[in-house]
Amino acid sequence: MAKTGTTTQGLRAAIERSGYYPALVAEAVEAAIGGETIGSYLVHQETTFDANEVRRHVTVLVLTDTRFIVSHTDEQAADSTSPTPYATTSTESVKIGRISSVVVSRVVANPEKYVPGSLPREVVLTIGWGAVARIDLEPAACGDPNCEADHGYTGSSTADDLSLRVSEAGDGPDTVRQTLAFAQALSEATAAGTDTGR
């Protein structure tokens, strides 16, 4: 379930509607925002099944005039370090000027019949700001099929700090629409260069 909007009260209401430790999540997010004005936000809850356990995770994305704030909250079962179940909440604040990429991948059914403005079946929002990078390497080769020389390696480095997947089937069409709206607001903010602290 995802919610998006532009006000502090709307953000708190979206966190409460997610039903996932709302007091804990709201306090962490509001502390990270401080006194800044919210430009846009997205609240996404994900439930996964791990063996015999159901795990929940909520991601809150907030865009202010100068920063992109991401918050993750996970719940954990009791274990050797804690006799009771517990939750972990983390927030990261990134200056808009540090965002190096906003990638929106859309999956569309029957592309030959696509009508502009139709919702994709699935959206993956990937945001990179240089905190995490993935390097994919493979052996390099030349065009000679009989060549046995070592040509080293070739590869690519991809910024992959945050990846959020939503689908119409799993999350509903409103969630897909809201994810696209947040992605557009973030893309516009990075293109506008509103952050002067680069």
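A few comments on the model shown:
- Surface share of carbon and sulfur [accessible, 1.4 angstrom probe, percent] for the range 11-94: 51
- Applied to the range 163-168, the Karplus parametrisation 6.51 cos²θ - 1.76 cosθ + 1.60 on θ = phi - 60° returns per-residue 3J(HN,Hα) values of 9, 10, 10, 10, 9, 5 Hz, with x for Gly and Pro.
- In order through the range 138-155: 3J(HN,Hα) via Karplus (6.51 cos²θ - 1.76 cosθ + 1.60), integer Hz, x for Gly, Pro: 8, x, 7, 9, 10, x, 8, x, 9, 6, 10, 6, 7, 9, x, 10, 10, x
- Report note on the peptides 169-182, 75-88, 24-37, 141-154: ranked by the mean count of other C-beta atoms within 10 Å, highest first, their order is 169-182, 24-37, 75-88, 141-154.
- Alpha-carbon centroids, the range 93-114 and the range 22-55: separation in whole Å: 21
- Å² per residue, accessible surface of the chain at 1.4 Å: 57
- Solvent-accessible surface (1.4 angstrom probe) belonging to residue 47, in square angstrom, nearest 10: 70
- Solvent-accessible surface of protein heavy atoms, probed at 1.4 angstrom with all chains present, puts 95, 113 in the order 113, 95, largest first.
- Oblate is the label for the range 57-188. Its Cα gyration tensor axes, ordered a ≥ b ≥ c, give a/c of at least 1.5 and b/c at or above a/b.
- The residues 55, 12, sorted by heavy-atom accessible surface at 1.4 Å with ligands and nucleic acids left out, run 12, 55 from largest to smallest.
The values are calculated or read from the model by the stated rules, or taken from the named source; none is laboratory data. None of the values given here were measured: they were computed from a predicted structure. Ideal geometry is used to build each Cβ from the backbone, glycine not excepted, and the neighbour counts take in all protein chains shown. Calculation scope for accessible area: heavy atoms of the full protein, side chains included, ligands and nucleic acids excluded. Shrake-Rupley method; radii C 1.70, N 1.55, O 1.52, S 1.80 Å.
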